[in-house]
Amino acid sequence: MELMIKYGNVVVMLMTVHLIASVLAVEGRDFRGAIASLFVQSLTLALIFATFGYLWGQPWLYAWCITALITKAAIVPYLLIHYTQAFPKREVRPLIGFRLSITLIIIFLVVFYHFIYVNISFIAPTEAALMEPAKSSLAMAFTVFFLGVWTCIVRRDVVKIVIGIVVLENGIHLALVVLAPRLPETTLIGIASNIIIAAWLLLYLSGRIYQVLGTTDSLTLSELKR
């Protein structure tokens, strides 16, 4: 029990850092700062996998940790840095201004986290998922997921949309590992569903479009299609 409490507190701490890094990644206007925050977010994701692996005695979660370190904490930030070198240093002005956006995000995160935490019994498939640290972790995982969805909706810059997709996927993987940490299939599903190829393709196309049109504004690209 002491071990569960000790490492449960570690998981909650990592989840809190993960959530803060997620907000900084989606709200940071400067690409370099946003990418650094995404790196921290992905790093804490990998550490959460490793902690759950130790906590539940599931060695296959260590494999997921290593995969997350390679793909999410190394390759994806590298791709973002590589392709944004030719772009403006700051993102295209989003649909919602910074002050309003950060206010709405804080309100949304608090309300949504509380809603999921209180109604977790409708989502959690096992008794273990209703206990701490799984309960708090699952609420945070769904909160991070919807933060990624929010980013994809309100951001105009293609690079920020890519970051939003990565944040969204990380939220899904967090929920997956919390819901079923003892199933080896959880690791297989998580590794197989990695969006690194989609992120690379979006960044590559964004680079080509920027060379031709001089913009990464998704709204401008939508108007050109018409």
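One residue stands out in region 83-105 among those that are in contact (Cβ under 8 Å) with a residue 60 or more places away in the chain and not in a loop (DSSP other than H, G, I, E, B): the one that is farthest from residue 154 (Cα to Cα), namely 83. When you check residue 29 against the structure, is it of a type in the set (Lys, Arg) and surrounded by 14 or more Cβ atoms within 10 Å (Cβ to Cβ), yes or no? Taking the combined requirement at face value, the residue satisfies it.
Scanning region 27-52 for residues that are over 15 Å from the mean Cα position of the chain (by Cα) and without any contact (Cβ under 8 Å) to a residue 60 or more places away in the chain turns up 32, 33, 50, 51. Filter region 67-90 for residues that are surrounded by fewer than 16 Cβ atoms within 10 Å (Cβ to Cβ) and more than 17 Å from the chain's Cα centre (by Cα) and give the result. Scanning region 67-90 gives 81, 82, 85, 86, 88, 89, 90.
No value in this document is a laboratory result; all are computed from the given coordinates. All figures in this text were calculated on a predicted structure; none of them were measured in a lab. So basically every Cβ, Gly included, is an ideal-geometry build from the backbone, and we count neighbours across all protein chains shown.
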